[in-house]
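The values are calculated or read from the model by the stated rules, or taken from the named source; none is laboratory data. Here the structure is a predicted model, which means the values were calculated and not measured. We place every Cβ from the backbone using ideal geometry, glycine too, and count neighbours over all the protein chains shown.
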Amino acid sequence: MTATSHDVLIIGSGAAGLSAALVLAQQLRVLVLSKGPLTSGSTAWAQGGIAAVLDAGDTFEQHIDDTMVAGAGLNRRETVEFVIEQAPQAIERLVALGVPFNAEGPGLHLTREGGHSHRRIVHVDDATGWAVQAALLKAAEANPNITLLPDRTCIDLITGRHEERYSGSGRIWGAYALDAATGRVEAHTARATIMASGGAGRVYQFSTAPRGATGDGIAMAWRAGARVSNMEMMQFHPTCLYNLDVKNFLITEAVRGEGGRLINPRTGKRFMAYYDEARMELAPRDVVARAIDAEIKRFGLDYVHLDISHMPPDFVRAHFPTIHEKLLGLGIDMTTGPIPVVPAQHYTCGGILIDLAGRTDLPGLYAAGECTESGLHGANRLASNSLLECFVFGDSARAGPSSKPSRRSANGTRAG
C-alpha cells in the first residue's frame, strides 16, 4: 500500500472542496482527491446560478424568509442567516477569481428563480457551474501548496481503530482510496480531513446528479461515527428533460424565472394556478414538482410541457445557449415549441451534521457542500442556494487542523 501525508486532505473537487483548498493552501499543504476527473462533480453541471442579495430593493431578511419558507421552516435559522449574510462576499471572491458573470450596466445581471421574492441570482448564461468550476480549478492548479489527484475512489476514513496507539480516540487521520489506474489502495493521511464528496442522488433511478453522486462520503462519515441527519429530505427538481435516451438533463429553474410556462399537453392549458395561484411557475421546487406529478397521474401523461417559445427567439438563445444547443441536437427547438419535462431527484438536503465552522462530531473531520446537513435547506432547498452553501462553508473550513475539533453539532447539542 502506498501512502502520502499532508496537512489537509479534501475529498471532492467541486465548489466546496476547491473553495476550502484555496483558502487553506495559503498556509498549509493540501491534497484534493476526486472520484473521477476533476470536473466530474455536480458543480460543473449547475446551470442556474448563485443566490445573493445584491439589488438595492432586496434585503438579507427577505432572502432568509424565502429560504425558510422553501425549507418548510425546518431550517436552522442561525445557519440560514450566516450563509445569506456571507453571500455578497462569496460573489466578490468569485469575481476576483475571474468568473465571468453576466453583467447589466455597472453591476451584475440578476435573474429570478422559483421561491425567490426578488431577482438575486447571478449567473454565467445557463452554465454557471461550469464557469465556476473552471475558475476554481485554474486557481487550484496554479497553487504550489495544492496537489490534485483524480480517479481516486475513497473507500473509508482512517480512524483511531486503524492504529493501536490511536485506539478509541475517535479522531480521523485521512482516508483510504483506490487508484483507478493502478488498482492499488492508497493511504492518504492528514491532520485534518474535509469531506466535500457531494450528494446521493444516483441511488435514485432518475436523477439530475452525475453518476458519481452515490453518497460515498456520507456513508464513510457515518461508519466512522459521525451523525447524519434528514436523509429522507430529497429534493426533486420539477423540470428534467423527458427523453428515453437522455434521462438526466436539467432544464434550469431560470427558464421559468424568465417567463417559461407549464402546460398540460392534453388540455393545452397552464395548470399551476390550480396548485399555487399566487406564485404559479415561480413557486418553490417541491410545490411545482408535486403539481407536475399530480397532472401526470391525473391525466395519464408521460410528461408536461415547459414553454418559453412566446418570448423572442434572440432572448431565449441569449439567456439559455447551452440548453438551446443541447435540445436542438435532440430535435427540440425551444424558441418555436415546448420542452417535455418531468420531475427528477435533484438534491440531497440531508447529510453529515456540521456546525458553522464545518466541524462534524469527529475530531479531525470537517465537511462542506451537498454531503452535509448544515441546517441551511430544511426540508427543501431554495433554488441557487446550493453553490452558495459550498462557497460559504468551503471558506468557513479555513480553521482547518489548527481548530480544536468539537463534539457539538450544528444545533448545539452534544453527540451521543
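A few points about this structure:
- Selection from the range 52-75 of residues that are part of a loop (DSSP other than H, G, I, E, B), within 21 Å of VAL95 (Cβ to Cβ) and touching a helix residue (DSSP H, G or I) at 6+ places or on another chain (Cβ under 9 Å): ALA52, VAL53, LEU54
- All positions within the range 208-260 that are in a loop (DSSP other than H, G, I, E, B) and β-branched (Val, Ile, Thr): THR208, THR214, VAL246, ILE251, THR252
- Candidates ALA87, ALA140: the one that is crowded, with 22+ Cβ neighbours inside 10 Å and over 28 Å from ARG381 (Cα atoms) is ALA140.
- Residue within the range 33-51 that is of a type in the set (Val, Ile, Thr) and in a loop (DSSP other than H, G, I, E, B) present: yes
- Selected residue (only one of GLY364, GLY329 is over 25 Å from ARG120 (Cβ atoms) and in contact with a strand residue (DSSP E or B) (Cβ under 7 Å, 6 or more places away or on another chain)): GLY364
- Residue selected from the range 44-79 under the condition touching a His at 6+ places or on another chain (Cβ under 6 Å) and among the small types (Gly, Ala, Ser), by the criterion surrounded by the fewest Cβ atoms within 10 Å (Cβ to Cβ): GLY71
Every residue, every condition in (1) closer than 22 Å to GLY375 by Cα; (2) without any contact (Cβ under 8 Å) to a residue 24 or more places away in the chain, yes or no:
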| position | (1), (2) |
| --- | --- |
| TRP173 | no, no |
| ALA177 | no, no |
| ALA180 | no, no |
| GLY183 | no, yes |
| GLU186 | no, no |
| ALA196 | yes, no |
| TYR204 | no, no |
| THR214 | yes, yes |
| ALA219 | yes, yes |
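- When the helices (runs of 4 or more DSSP H) confined to the range 276-358 are screened for residues that are within 30 Å of MET220 (Cα to Cα) and under 23 Å from the mean Cα position of the chain (by Cα), those reaching at least 1 such residues are found at 285-299.
- Residues in the range 4-23 that are closer than 14 Å to ALA367 by Cα and in contact with a strand residue (DSSP E or B) (Cβ under 9 Å, 6 or more places away or on another chain): 11 in all.
- Within the range 76-98, being more than 27 Å from MET234 (Cβ to Cβ) and part of a helix (DSSP H, G or I) holds for GLU85, PRO88, GLN89, ILE91, GLU92, ARG93, LEU94, VAL95, ALA96, LEU97.
- LEU38 vs. criteria over 18 Å from the mean Cα position of the chain (by Cα), within 16 Å of THR147 (Cβ to Cβ) and of a type in the set (A, V, I, L, M): no
- Residues of the range 166-207 classified as among the polar types (S, T, N, Q), crowded, with 17+ Cβ neighbours inside 10 Å and part of a loop (DSSP other than H, G, I, E, B), total: 1
- Selection within the range 146-173: residues that are among the polar types (S, T, N, Q) and at pLDDT below 95. The member of this set that is nearest to SER13 (Cα to Cα) is THR159.
- Test set (1) modelled with pLDDT under 95; (2) within 18 Å of PHE391 (Cβ to Cβ) - SER117 fails condition number: (2)
- Taken together, the residues in the range 85-109 that are touching an Asp or Glu at 6+ places or on another chain (Cβ under 8 Å) and among the β-branched types (Val, Ile, Thr) amount to 0.
- Of all residues in the range 273-297 being buried (at least 19 other Cβ atoms within 10 Å of the Cβ) and small (Gly, Ala, Ser), the one that is modelled with the lowest pLDDT: ALA283
- Residue identified as without any contact (Cβ under 8 Å) to a residue 40 or more places away in the chain, surrounded by 15 or more Cβ atoms within 10 Å (Cβ to Cβ), basic (Lys, Arg) and farther than 30 Å from ASN102 by Cα among ARG227, ARG266, ARG270: ARG270
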